[in-house]
Amino acid sequence: MDSGRADNNWADGQTSPDVIYKVGIYGWRKRCLYLFILLLMVLIIINMSLTIWILRVMDFSLDGMGKLRIVPDGIRVEGDSEFINGIYASKIQSRHNSALYIESARNVTIHARDGSGDVTNRLFIGDKKVESYCNLFEVKNNDGEKLFSVDNSKTVINTDELRIAGEGGSIFSGSVQTPKVRAEAASSLRVESPTRDVKVHAPRGVEIKSTLGDITVNTRGKVNIQSKDNAIHLDSKNIALKNLKVSTPVGTGTQYPGVYQLCVCDNNGRLFLAAPNANCYATADVCS
């Protein structure tokens, strides 16, 4: 039978077809199809092998990837982590009984934003410096008590004692308000103003006390001790006024107005003035 032509040698009563065609892919087309199917199978096998290798290397599982685990509260990272760009999180904490280390090759910057996305606070840790940009900076202890606070107008230290251990002491450009200024044991206390005045004010009283050493007041000008409403008490066994001018008049001398004798009451040590040419006689109201 020749392909594409009708055959007339059919038995009587049978209907011969008009045309017969062969259906299928033959020749080089069939070989190309088999080759394409084989190449596709090889690619599928290679793809599956690479996928399985990546899953094993990256340690993919239902709980996470590698040292990154997905927990109900967030994400847990076991070991060291390196972030190429910024990280945004509401909470970062270490594992139980483990320390948290934050390290950067250049600097560490922490931003806090408000609901509008604007930066309200910023903490910068750079080369040999730490900077905090905020309206109020506070330091509290474990009980929540404020120990130190700074705002635009004042600095408050709420500790029982402030100790300055530097050899050069402390320099204040403005005023200092404190109930007590005390030197460390076996050290001297020195309050000095090289070019201006030193003023000590208190609403009730000012006490300057030295239990073992001396108290020295040095000045290039005058030393003014004034009590407006009461008295000034100098309580000591010995009170010495050194380097006073001595008047040596010739003959009887000349009397000047405003010159008096300085007298002391024996019972209470009160000082009073007497006439320059009379004895130190005091009235009852002076030494009582």
Calculated SAXS-style log₁₀ I(q)/I(0) at q = 0.13, 0.22, 0.27, 0.32 Å⁻¹ - segment 108-159, Debye, Cα scatterers: -0.42, -0.95, -1.03, -1.07
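Under 1.5 on a/c is rounded, so check that first for segment 95-220, then, if it is not, pick prolate when a/b is larger than b/c and oblate when it is not; a ≥ b ≥ c are the square roots of the alpha carbon gyration tensor eigenvalues.
On the way: a/c = 2.36, a/b = 2.14, b/c = 1.10.
Prolate shape, in that a/c is at least 1.5 and a/b is the bigger ratio.
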Cβ-placed point charges (K, R +1; D, E -1), dipole of the chain about Cα centre in debye, nearest 20: 900
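Quick one: net charge of Asn224's neighbours, Cβ under 11 Å, K/R +1, D/E -1? Mind dumping the intermediate values first?
Details: positive: Lys199, Lys222; negative: Asp197.
With Lys, Arg at +1 and Asp, Glu at -1, the net is +1.
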Lone cysteines, the chain (no partner Cβ under 4.7 Å): Cys32, Cys134
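Sort Glu192, Glu207 by accessible area with a 1.4 Å probe, largest first.
Numbers: Glu192 115, Glu207 150 Å².
My answer, sorted largest first, is Glu207, Glu192.
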Residue-level accessible surface for Ser132, protein heavy atoms, 1.4 Å, Å²: 60
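What do the square roots of 5 times the Cα gyration tensor eigenvalues come to for segment 25-114, in whole Å, largest first, as semi-axes of the equivalent ellipsoid? Could the numbers behind the result be given before it?
Numbers: eigenvalues 493, 51, 30 Å².
Working from the Cα gyration tensor, I get semi-axes of 50, 16, 12 Å.
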Heavy atoms of Thr155 accessible to a 1.4 Å probe, total area in Å² rounded to 10: 90
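When averaged across all projection directions, what area in nm² does the alpha-carbon convex hull of the chain cover? List each step's numbers first, then the result.
Details: hull surface 163.5 nm².
Result: a mean projected hull area of 40.9 nm².
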Angle in degrees between helix 28-58 and the longest Cα principal axis of the chain, rounded to the nearest 10: 20
Segment 140-288: C-alpha gyration tensor shape, a/c 1.5 cut-off, then a/b vs b/c: prolate
Accessible area in the full protein assembly, largest first, 1.4 Å probe, for Phe172, Phe272: Phe172, Phe272
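Calculate for the chain the 222 nm mean residue ellipticity that helices alone would give, adding -39,500 (n - 2.57) per DSSP H run of length 4 or more and normalising by residue count, nearest 500 deg cm²/dmol. Each step should come with its number before you reach the end.
Working: 2 runs with 35 residues, N = 288.
Taking each H run of at least 4 residues, the total per residue is -4000 deg cm²/dmol.
The values are calculated or read from the model by the stated rules, or taken from the named source; none is laboratory data. Quantities reported herein were computed from a predicted structural model and do not represent experimental measurements. Positions of Cβ are backbone-derived with ideal geometry, glycine not excepted, and every protein chain shown enters the neighbour counts. Note: accessible area is taken over every heavy atom of the protein model, side chains too, but ligands, DNA and RNA are not part of it. Shrake-Rupley method; radii C 1.70, N 1.55, O 1.52, S 1.80 Å.
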